[in-house]
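Please treat every number below as a calculation from the coordinates, not as lab data. Since we're looking at a predicted model, the values are computed, not measured. Don't worry about glycine lacking a Cβ; one is built from the backbone with ideal geometry, like all the others, and counts go over all protein chains shown.
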Amino acid sequence: MVNCLAFNPFNEWILATGSTDKTVKLFDLRKISTALHTFDSHKEEVFQVGWNPKNETILASCCLGRRLMVWDLSRIDEEQTPEDAEDGPPELLFIHGGHTSKISDFSWNPCEDWVISSVAEDNILQIWQMAENIYHDEDDLPGDESAKAS
């Protein structure tokens, strides 16, 4: 059973759903009978999905647990080393595990890149941002940035 859904703000045909079967699925409304892709890393039923307001390939989802997952659709089917595969599929960009209670809601900040607020059932609000090296490949960083990291 589908618990939640969200339209991609950049593509009128793309829809994400979260379900009781612990999956997040992508659909093209022109062919709704078959999912484009299934994300199956959640351990409990998914009850919220939300697209990044500034990046059409970034989606977040949370389940009945204490984890919020951020997905990058552009990384679907990328090759992985066996070590990387242990952390999840290539499209699983980040897992926020900072809450000690079930996450009850989350929202992308529409003004600040990569900022998410999440709140849990213990009324703890967290506003957080992934480190830049998580969402940018090393090849994408400007030369002076990678030189500083050395």
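Could you run the Karplus curve 6.51 cos²θ - 1.76 cosθ + 1.60 with θ = phi - 60° over region 35-41 and give me ³J(HN,Hα) per residue in whole Hz, x for Gly and Pro?
Values, residue by residue: 5, 5, 7, 10, 9, 10, 8 Hz.
In the neighborhood of Thr38, defined by Cβ-to-Cβ distances under 11 Å, what is the net charge if each Lys or Arg adds +1 and each Asp or Glu adds -1?
-1
Whose amide H sits under 5 Å from the amide H of Glu91, counting only residues 5 or more places off or on another chain, with H placed in the peptide plane?
Here Asp77 satisfy the definition.
Could you please report the charge total around Asp122, scoring K, R as +1 and D, E as -1 over all other residues with beta-carbon less than 14 angstrom from its beta-carbon?
So the surrounding residues net to 0.
Just to confirm the filter: which trypsin sites (Lys or Arg not before Pro) across region 39-119 are DSSP coil and have at most 10 other Cβ within 10 angstrom of their Cβ?
Sparse-neighbourhood loop trypsin sites (Lys or Arg not before Pro): Lys43.
Quick one: Debye curve from the alpha-carbon atoms of region 86-129 only, equal weights, vacuum; give me log10 I(q)/I(0) at q = 0.18, 0.21, 0.26 Å⁻¹ to two decimals.
Debye curve over Cα of region 86-129, log10 I(q)/I(0) at q = 0.18, 0.21, 0.26 Å⁻¹: -0.60, -0.76, -0.94.
Compute, for region 7-150, the length of the dipole vector about the Cα centre, with Cβ point charges of +1 (Lys, Arg) and -1 (Asp, Glu) only. Units Debye, rounded to 20.
780 debye
Before anything else, pin down the relative contact order of region 44-121: Cα pairs under 8 Å, at least 6 apart, normalised by residue count, whole percent.
Computed value for region 44-121: 27 percent relative contact order.
Among Leu29, Leu93, Leu73, which one shows the biggest mean-square fluctuation in a GNM of the chain, springs joining Cα atoms closer than 10 Å?
Ranking Leu29, Leu93, Leu73 by mean-square fluctuation puts Leu29 first.
Hey, can you grab everything whose amide H is under 5 Å from the amide H of Asn52? Only 5+ residues off in sequence or another chain; H modelled, so Pro and N-termini drop out.
Amide H neighbours of Asn52: Ile58, Leu59, Ala60.
Please find, in a Gaussian network model of the chain (springs between Cα atoms separated by less than 10 Å), the residue of Gly65, Gly98, Gly18 whose mean-square fluctuation is greatest.
The residue with the greatest mean-square fluctuation here is Gly98.
Could you run the Karplus curve 6.51 cos²θ - 1.76 cosθ + 1.60 with θ = phi - 60° over region 107-117 and give me ³J(HN,Hα) per residue in whole Hz, x for Gly and Pro?
Rounded to whole hertz, the list is 8, 6, 6, x, 9, 10, 4, 6, 9, 10, 10.
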